[in-house]
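The structure under discussion appears below in the form of structure tokens.
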Amino acid sequence: MIFLAVEGASAKRARDHVGQIAAGWPVDLDDVRVVASELATNAIRHAKTEVIGVRAYSVGGVYAVEVWDADAANLPVLTEQTAVGDGGRGIAVIAELAAHVGVWCGPEGGKVVYAEWTAS
């Protein structure tokens, strides 16, 4: 897991980091990179946290991207979107690109928002 400051440039760092890890995965690399960027951006914009953690891994044919932040009280919500407005589409985009999206709160605090794919 890499830890990144809560700043705009961290979304690109998250995307690049995950892209390097996922380069050999049998899933669409562009989708994985977009999802990593969206997960990081959501944490940067909405979580009350000073750092985010980003990791990508594969286990038993499941390929995952996770973003951790310290704000377990502020969970993401999938809402109906319109073509008008600034933002609010990140989780919807992630849900379209990944096979599964979820969130869990860990015993050490904070939350992890994740996306998963299976080998195609």
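If you bin every alpha carbon distance in the stretch 1-52 into 10 Å steps from zero, what whole percent lands in each bin? Going from the shortest bin to the longest, the percentages are 28, 51, 19, 2. The residue among Gly24, Val77, Ala5 whose Cα reaches farthest toward the positive pole of the charge dipole of the chain, with charges on the beta-carbon of Lys, Arg, Asp and Glu, is Ala5.
Taking the charge dipole of the chain about its Cα centre, with +1 at Lys and Arg Cβ atoms and -1 at Asp and Glu Cβ atoms, the residue from Ala36, Gly102, Trp117 reaching farthest to the positive side is Ala36. Put the Cα centre of the stretch 1-35 next to the Cα centre of the stretch 98-120 and the gap is 15 Å.
For the stretch 38-48, 3J(HN,Hα) computed residue by residue from phi via the Karplus equation (6.51, -1.76, 1.60; θ = phi - 60°) reads 5, 4, 5, 4, 4, 5, 5, 7, 10, 7, 8 Hz, glycine and proline entered as x. Helices in the chain, meaning DSSP H runs of at least 4 residues, each add -39500 (n - 2.57). Divided by all residues, the mean residue ellipticity at 222 nm is -10500 deg cm²/dmol.
Here the stretch 2-118 is assigned +1 on the Cβ of each Lys and Arg and -1 on the Cβ of each Asp and Glu. Its dipole about the Cα centre then comes out at about 160 debye.
Structural descriptor for the stretch 2-118: relative contact order 26 percent, calculated from alpha carbon pairs under 8 angstrom and at least 6 residues apart.
Shape call for the chain from the C-alpha gyration tensor, a ≥ b ≥ c root eigenvalues: rounded (a/c under 1.5), prolate (a/b greater than b/c) or oblate?
Working: a/c = 1.44, a/b = 1.17, b/c = 1.23.
In terms of gyration-tensor shape, rounded.
If a spin label sat at a point 7 angstrom from the Cα of Glu96 along the line to its beta carbon, the backbone N atoms of the stretch 13-38 nearer than 18 Å would be those of 28-38. Backbone amide hydrogens, once placed in the peptide plane, bring Trp25 within less than 5 Å of nothing, excluding anything fewer than 5 places away on its chain.
Where a number appears in this text, it was derived from the coordinates with a stated rule and is not lab data. The structure presented is a predicted model; accordingly, all values stated were derived computationally and were not measured. Virtual Cβ from ideal backbone geometry, glycine too; neighbours counted across all protein chains shown.
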